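Since the structure comes first, as structure tokens, the remarks are kept for the end.
The values are calculated or read from the model by the stated rules, or taken from the named source; none is laboratory data. Computed from a predicted model, the values in this text were never measured in an experiment. In this analysis, Cβ positions are derived from the backbone assuming ideal geometry, glycine residues included, and neighbour counts consider all displayed protein chains. Heads up: the accessible areas ignore ligands, DNA and RNA and are worked out on the full protein's heavy atoms, side chains in. Shrake-Rupley method; radii C 1.70, N 1.55, O 1.52, S 1.80 Å.
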Amino acid sequence: MSAASSATEPTAPRVRLLSRTVAASAIFVLMALIPVVSHLSDDPFLTLAFTRILVFAIAALSLDLILGFGALVSFGHAAYVGFGAYAVGVLMRHGVTDIFVQLACAIGLSAVFAAITGAIALRTRGVYFIMITLAFGQMAYFFFTSLSAYGGDDGMSLQNRSTVLGSDVLESNLVLFYVTLGTLVGLYLMATAIVNSRFGRVLQGTREDALRMQAIGFRPFRYQLAAFMIAGCMASVAGVLLANQAEFVSPAYMSWHRSGELIVMVILGGVGTLLGGIVGAVVVLLLEEWLSIFTTHWRMGLGLLLILVVLFSPKGIGGIFERVFGPRK
Amino acid sequence: MTNLFLLQLLNGVQLGILLFLVAAGLTLIFGIMDFINIAHGVLYMVGAYLVATFAAMTGTFWLGLLIALPAVVAFGLFLEFFLFRRLYDRSHLDQVLATFGLMLILTEGVRMIWGSSPIFVPVPDALSGSIRLLGIINYPVYRIAIIAAGFAVAIGLYVLISHTRAGMLLRAGASNRPMVSALGVNITWLFAAVFAFGAMLAGFAGAMVAPVLSVDPGMGESVLILAFVVVVIGGIGSVKGAFVAAIVVGVVDTMGRTFGPILLQMVLDPSAASQTGRTLAPMLIYILMALVLAIRPSGLFGRRGAA
Amino acid sequence: MSARLEIRDLQKRFGALAVTDGISLDIAPGELHAVIGPNGAGKTTLVSQLSGQLRPDAGQVVYDGQDITHLDMAGRVRRGMARSFQITTILHGFTVLQNVALAVQARSGSSFRFFGRADAEAGLNDAAMVFLRQVGLADRAQDIARNLSHGEHRQLEFAIALATAPRLLLLDEPFAGTGREEAAQLLDLMQQIKGTQTILLVEHDMNAVFALADRVSVLVYGQIIATGTPDEIRANAEVRGAYLGEEETTASGAAGC
């Protein structure tokens with residue numbers, strides 16, 4: 001039984017739900033203990049480093065929503081992280097420091113961009129969809145690269161972190177960590193609810209077969225587009241937090257390497273499980289940290305790992321997706 | 001103004017020709033094998049690095065090119081044999097992951113061997129200098145040579161594809177894959193040949209461009225994304241589409257960067273115009289792609305219902 | 001009473017070949033109308049145009065007095081036209097109950113609801129169970145659709161089609177590929193549904209057609225050459241010449257396996 005379908009599989013649903021809730025709780029509790037470890041080991045950077053990991057966990061979670069439950073292989077997802085970061089950076093430059101205003105702008109911008117590019121990309125499938133999302137992601141990347149007023153290629157540093165209703169609590173790394181963790185938990189619960197809702201059921205139906213969904217009276221396009229927009233908005237929240245974590249905003253956040261890495265996180269962690277994206281983000285980023293201790297050429301290790309996983313994991317990672325993309329002949 | 005226009009038009013065509021060489025292989029590989037290769041741009045980069053290395057070793061660009069081309073083909077075949085052929089039957093997602101991984105490995109490998117800083121390749125003596133075109137502009141001979149060589153390859157491709165048996169197979173395969181196996185063609189051999197061919201074209205483009213651009217580890221990626229745009233606009237599997245789209249993309253991108261700000265000065269003040277122009281110009285080709293797709297979801301020359 | 005479905009001079013060409021060559025047909029409410037024809041007669045092309053999967057070149061499809069020629073498939077299903085079998089409607093990773101509940105969901109309330117467990121919606125599940133009982137699949141409600149037998153898949157198809165609240169069922173060769181026992185079961189099920197539904201049955205299996213149909217139309221080379229009661233069709237010399245004679249041989253060949 002594939003992981004992709006297990007999400008909709010109510011064989012002993014209560015047991016399944018329970019075990020997943022236990023796993024999720026365990027992961028979140030462990031994460032919540034990071035600042036304690038950081039304090040005990042007298043390593044203040046640990047908390048900040050893990051804040052970054054949590055940020056990417058949010059981004060990977062959002063991608064899993066469309067990749068795992070809608071079979072939409074978006075190769076431009078990092079663009080939305082960038083929109084979030086630039087919403088903070090640009091508004092800060094103009095004196096708007098409140099995080100809620102920044103969030104609203106980030107989400108609004110992402111929704112519009114996702115609606116337009118999604119409407120075009122969703123008219124196609126397969127390699128077209130992958131290439132078109134990639135191209136639109138690059139378009140966003142080049143846009144910000146050429147915005148010399150806001151740092152252009154080099155990006156820009158932030159003087160301060162965002163304020164929350166006039167308070168500067170986020171200046172504390174500890175507060176920022178728990179805010180990020182809280183956001184991750186909240187969005188995880190939201191994504192879980194979406195997956196199990198009427199909407200989620202339709203989305204998973206289109207993942208299996210769009211034509212069948214039409215044959216029972218659904219128009220898949222609008223559900224896929226809505227999911228595409230939701231995922232984009234969620235990723236932009238990650239971007240808002242990333243800008244605050246790094247106190248720096250740069251087009252590099254939206255490069256296609258980042259988009260590729262997000263896909264890698266989702267797949268390595270287990271596609272279509274929501275928790276998998278989160279685990280994958282932790283694993284990939286820790287792996288990067290670890291490899292970079294040994295060599296500046298750590299990307300080579302990541303690349304090798306990817307190829308090995310694809311070639312030698314049972315049935316291939318995409319075995320899960322065979323059904324999704326239909327027979328490939 | 002006319003001079004600048006002509007100059008940039010030629011630069012655009014030159015970029016377009018290079019894009020075509022990379023995209024032609026890509027579109028055939030998509031069309032015939034339904035295989036998405038994120039690492040295709042690497043072959044372009046490897047072509048450039050190899051020609052740089054061999055030219056330095058032998059002392060002449062031409063000998064370097066002569067050695068570099070078969071080397072790229074061999075490299076392409078090596079990759080096909082050890083990795084790609086294991087991926088043909090996999091999902092697109094698997095293909096994306098594995099070739100993305102390969103791209104990371106090879107780009108990093110290039111960094112390890114040649115370093116991160118750009119390498120410069122001197123323009124071959126025979127093609128150095130400029131000539132006067134139409135009596136109004138000076139244009140480097142070498143760039144004209146690139147355009148000429150690119151067109152020659154394009155014509156060669158056209159003849160190969162529309163007038164030979166191998167080409168008929170390619171066309172049939174790109175538009176209807178099961179048919180090729182029905183014809184009793186050895187698929188393994190055909191796929192390897194297409195790959196070697198694609199590698200050669202991309203490597204050739206990289207080798208030719210080496211004296212014009214700096215050779216660096218990022219060059220493969222930038223050309224890959226542009227080649228994707230070309231393939232999408234032209235329609236998957238269509239070499240003719242790739243040619244038209246490549247020239248259009250090359251010209252629009254080049255002209256947009258130069259004339260965008262100039263045109264905007266008519267409606268905006270100069271500093272705002274140059275800022276807006278510089279911001280919008282890189283987006284032009286993506287907007288173009290969006291427009292084409294909005295009207296024809298399977299590209300200009302794509303078969304209907306493709307994708 | 002006006003017809004539930006009127007097909008007016010429908011035309012579809014693929015290149016030089018007229019696959020649907022001026023078909024006109026009326027389906028009265030409540031009747032089971034069968035369309036039979038040899039392979040290549042254009043049966044599937046006809047159904048595809050009726051269900052909205054394929055656009056006709058000319059002609060009209062009128063459903064309950066409304067021209068639906070240019071409506072898409074989902075739109076037709078929402079108006080009560082259900083198509084089944086040649087396009088399977090089963091989602092193999094879903095449970096049997098979820099499959100039917102999803103079809104119920106398609107016609108009851110918005111599916112843009114992002115919260116609340118769909119699996120826990122009694123309204124959807126109860127309605128779905130009614131259809132599962134009707135086709136005799138109630139005891140397999142919690143099983144994954146992939147694990148059903150061939151015959152059970154057909155029962156599930158019926159349940160899904162019924163769950164879309166159809167006013168017209170387009171059944172596209174439900175008997176194709178069934179064994180003797182399954183066919184008998186399916187025949188029972190259809191006898192039961194017949195009379196409660198308006199059905200257009202496109203079928204190759206002559207026994208089933210003559211056992212079930214109120215009226216039969218014979219499609220040959222894209223044209224309807226005869227329409228009548230099963231007895232009239234059996235007696236029609238032109239039909240025998242054009243179709244039944246040939247069918248005898250293929251039918252006996254098929255029966256042998």
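Have a look at B:Leu284, B:Leu263, B:Leu288, B:Leu280 and point out the one that is away from chain A (no Cβ under 11 Å) and open to solvent by 40 Å² or more (accessible area, probe 1.4 Å).
Of B:Leu284, B:Leu263, B:Leu288, B:Leu280, the one residue that is away from chain A (no Cβ under 11 Å) and open to solvent by 40 Å² or more (accessible area, probe 1.4 Å) is B:Leu263.
Can you report the number of residues in the stretch A:14-61 which are under 29 Å from A:Tyr253 (Cα atoms) and touching a residue at least 40 places away in the same chain (Cβ under 8 Å)?
23
Looking at the structure I just gave you, is B:Ile105 more than 29 Å from B:Asn11 (Cβ to Cβ), within 14 Å of chain A (Cβ to nearest Cβ) and open to solvent by 40 Å² or more (accessible area, probe 1.4 Å)?
no
For the stretch A:296-315, how many residues are closer than 28 Å to A:Met31 by Cβ and either in contact with a strand residue (DSSP E or B) (Cβ under 8 Å, 6 or more places away or on another chain) or not in a helix (DSSP H, G or I) (or both)?
1
Read through the list (1) at pLDDT 95 or above; (2) among the β-branched types (Val, Ile, Thr); (3) farther than 23 Å from A:Val195 by Cβ, then give the number of the only condition that A:Ile120 fails.
Of (1) at pLDDT 95 or above; (2) among the β-branched types (Val, Ile, Thr); (3) farther than 23 Å from A:Val195 by Cβ, only one is false for A:Ile120: (1).
So A:Arg323 clears everything in (1) crowded, with 19+ Cβ neighbours inside 10 Å; (2) of a type in the set (D, E, K, R); (3) at pLDDT 80 or above except one condition, right? Which one?
Among (1) crowded, with 19+ Cβ neighbours inside 10 Å; (2) of a type in the set (D, E, K, R); (3) at pLDDT 80 or above, A:Arg323 violates only (3).
For A:Ser197, state whether it is out of contact with any strand residue (DSSP E or B) (no Cβ under 6 Å at 6 or more places or on another chain), hydroxyl-bearing (Ser, Thr, Tyr), within 14 Å of chain B (Cβ to nearest Cβ) and surrounded by fewer than 23 Cβ atoms within 10 Å (Cβ to Cβ).
Against the criterion (out of contact with any strand residue (DSSP E or B) (no Cβ under 6 Å at 6 or more places or on another chain), hydroxyl-bearing (Ser, Thr, Tyr), within 14 Å of chain B (Cβ to nearest Cβ) and surrounded by fewer than 23 Cβ atoms within 10 Å (Cβ to Cβ)), A:Ser197 does not qualify.
Any idea which of B:Tyr88, B:Tyr142 is among the hydroxyl-bearing types (Ser, Thr, Tyr), in contact (Cβ under 8 Å) with a residue 12 or more places away in the chain and part of a helix (DSSP H, G or I)?
Details: B:Tyr88 fails: part of a helix (DSSP H, G or I).
The unique qualifying residue is B:Tyr142.
From the set of residues in the stretch C:91-116 that are among the hydrophobic types (A, V, I, L, M, F, W, C) and within 16 Å of C:Arg154 (Cα to Cα), which is most open to solvent (accessible area, probe 1.4 Å)?
The residue in question is C:Leu97.
Quick one: which of A:Leu61, A:Leu46, A:Leu65 is open to solvent by 10 Å² or more (accessible area, probe 1.4 Å) and more than 14 Å from chain B (Cβ to nearest Cβ)?
Among A:Leu61, A:Leu46, A:Leu65, only A:Leu46 is open to solvent by 10 Å² or more (accessible area, probe 1.4 Å) and more than 14 Å from chain B (Cβ to nearest Cβ).
Answer yes or no: is there a residue in the stretch A:173-181 that is aromatic (Phe, Trp, Tyr), open to solvent by less than 40 Å² (accessible area, probe 1.4 Å) and closer than 30 Å to B:Pro282 by Cβ.
Checked against the condition, which is being aromatic (Phe, Trp, Tyr), open to solvent by less than 40 Å² (accessible area, probe 1.4 Å) and closer than 30 Å to B:Pro282 by Cβ, the stretch A:173-181 yields no hits at all.
More than 17 Å from A:Ala235 (Cβ to Cβ), in a helix (DSSP H, G or I) and either of a type in the set (A, V, I, L, M, F, W, C) or in contact with a helix residue (DSSP H, G or I) (Cβ under 8 Å, 6 or more places away or on another chain) (or both): which single residue out of A:Val112, A:Val127 fits that description?
The conditions single out A:Val127.
Tell me yes or no: at least one residue of the stretch C:29-38 is among the β-branched types (Val, Ile, Thr), more than 9 Å from chain A (Cβ to nearest Cβ) and closer than 20 Å to C:Leu168 by Cα.
yes
Go through (1) farther than 22 Å from A:Ile132 by Cα; (2) more than 8 Å from every other protein chain (Cβ to nearest Cβ); (3) crowded, with 20+ Cβ neighbours inside 10 Å one by one and return the number of the condition A:Met234 breaks.
The failed condition is (1).
Among (1) modelled with pLDDT under 85; (2) at negative phi; (3) more than 9 Å from every other protein chain (Cβ to nearest Cβ), which single condition is B:Asp216 missing?
Answer for B:Asp216: the failing condition is (1).
Looking only at the stretch A:104-127, count every residue that is farther than 14 Å from A:Ile230 by Cα and out of contact with any Asp or Glu (no Cβ under 9 Å at 6 or more places or on another chain) and tell me the total.
7
Considering only residues that are facing chain B (nearest Cβ under 7 Å) and of a type in the set (S, T, N, Q), which ones fall in the stretch A:119-147?
Selection gives A:Thr124, A:Gln138, A:Ser146.
Restricting attention to the stretch B:55-72, and to residues there that are in contact with a Gly (Cβ under 7 Å, 6 or more places away or on another chain) and buried (at least 21 other Cβ atoms within 10 Å of the Cβ), which single residue is farthest from B:Gly101 (Cα to Cα)?
This residue is B:Ala55.
Identify, please: which residue in the stretch C:1-23 is of a type outside the set (Lys, Arg) and closer than 17 Å to C:Leu168 by Cβ and is, among those, most open to solvent (accessible area, probe 1.4 Å)? Walk me through it before giving the result.
Of all residues in the stretch C:1-23, those of a type outside the set (Lys, Arg) come to C:1-3, C:5-7, C:9-11, C:14-23.
Adding the requirement that they be closer than 17 Å to C:Leu168 by Cβ leaves C:1-3, C:5-7, C:10, C:23.
Numbers: C:Met1: 205, C:Ser2: 83, C:Ala3: 18, C:Leu5: 0, C:Glu6: 42, C:Ile7: 3, C:Leu10: 0, C:Ile23: 1 Å².
Filtering the stretch C:1-23 for residues that are of a type outside the set (Lys, Arg) and closer than 17 Å to C:Leu168 by Cβ, the one most open to solvent (accessible area, probe 1.4 Å) comes out as C:Met1.
When both residues are 6+ apart or on different chains and their Cβ atoms are under 6 Å apart, which pairs have a first residue that lies in the stretch C:101-117 and is more than 7 Å from every other protein chain (Cβ to nearest Cβ) and over 21 Å from A:Met190 (Cα atoms), and a second that is surrounded by 16 or more Cβ atoms within 10 Å (Cβ to Cβ) and not small (Gly, Ala, Ser)?
Hits for this filter: C:Ala101/C:Leu124; C:Ala101/C:Asn125; C:Val104/C:Leu124.
Can we say C:Asp119 is open to solvent by 60 Å² or more (accessible area, probe 1.4 Å), in a helix (DSSP H, G or I) and under 30 Å from A:Ala227 (Cα atoms)? Explain how you work it out, then say what you get.
Details: open to solvent by 60 Å² or more (accessible area, probe 1.4 Å): no; in a helix (DSSP H, G or I): yes; under 30 Å from A:Ala227 (Cα atoms): yes.
The answer is no for C:Asp119.
The rows are residues; the columns are (1) farther than 28 Å from B:Ala39 by Cα; (2) modelled with pLDDT of 85 or more.
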residue: B:Ile137; (1), (2): yes, no
residue: B:Ala145; (1), (2): no, yes
residue: B:Met168; (1), (2): no, no
residue: B:Val180; (1), (2): no, no
residue: B:Asn186; (1), (2): no, no
residue: B:Trp189; (1), (2): no, no
residue: B:Val194; (1), (2): no, yes
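If you check B:Ala98 against the conditions, is it part of a helix (DSSP H, G or I), among the small types (Gly, Ala, Ser) and facing chain A (nearest Cβ under 9 Å)?
Yes.
Being within 7 Å of chain C (Cβ to nearest Cβ), touching a Ser or Thr at 6+ places or on another chain (Cβ under 7 Å) and open to solvent by 10 Å² or more (accessible area, probe 1.4 Å), is that true of even one residue in the stretch A:202-219?
Yes, the conditions are met somewhere in the stretch A:202-219.
For a quick check of your reading: which strands (runs of 3 or more DSSP E) sit entirely within the stretch C:1-85 and have at least 1 residues that are small (Gly, Ala, Ser) and within 17 Å of the chain's Cα centre (by Cα)? Spell out how you get there, then give the answer.
Working: elements: C:5-14, C:17-27, C:32-36, C:58-63, C:81-84.
Counting at least 1 such residues, we get C:32-36, C:81-84.
Name the single residue, out of those in the stretch B:1-14 being assigned to a helix (DSSP H, G or I), open to solvent by 50 Å² or more (accessible area, probe 1.4 Å) and aliphatic (A, V, I, L, M), that is farthest from B:Tyr142 (Cα to Cα). Steps first, answer last, please.
Step one: of the stretch B:1-14, the residues assigned to a helix (DSSP H, G or I) are B:2-14.
Then drop every residue that is not open to solvent by 50 Å² or more (accessible area, probe 1.4 Å), which leaves B:2-5, B:7, B:9.
From what's left, aliphatic (A, V, I, L, M): B:4, B:7, B:9.
Details: B:Leu4: 19, B:Leu7: 14, B:Leu9: 16 Å.
Only one residue fits best here, namely B:Leu4.
Determine whether C:Arg4 is of a type in the set (Lys, Arg) and without any contact (Cβ under 8 Å) to a residue 60 or more places away in the chain.
Spelling it out, it is not the case that C:Arg4 is of a type in the set (Lys, Arg) and without any contact (Cβ under 8 Å) to a residue 60 or more places away in the chain.
Quick one: in the stretch C:70-90, of everything that is of a type in the set (D, E, K, R) and crowded, with 23+ Cβ neighbours inside 10 Å, which residue is farthest from the other protein chains (Cβ to nearest Cβ)? Give the derivation first.
The initial filter retains those residues of the stretch C:70-90 that are of a type in the set (D, E, K, R), namely C:72, C:76, C:78-79, C:83.
Retained after the next criterion (residues that are crowded, with 23+ Cβ neighbours inside 10 Å): C:76, C:83.
Values: C:Arg76: 8, C:Arg83: 6 Å.
Restricting to residues being of a type in the set (D, E, K, R) and crowded, with 23+ Cβ neighbours inside 10 Å, the top hit is C:Arg76.
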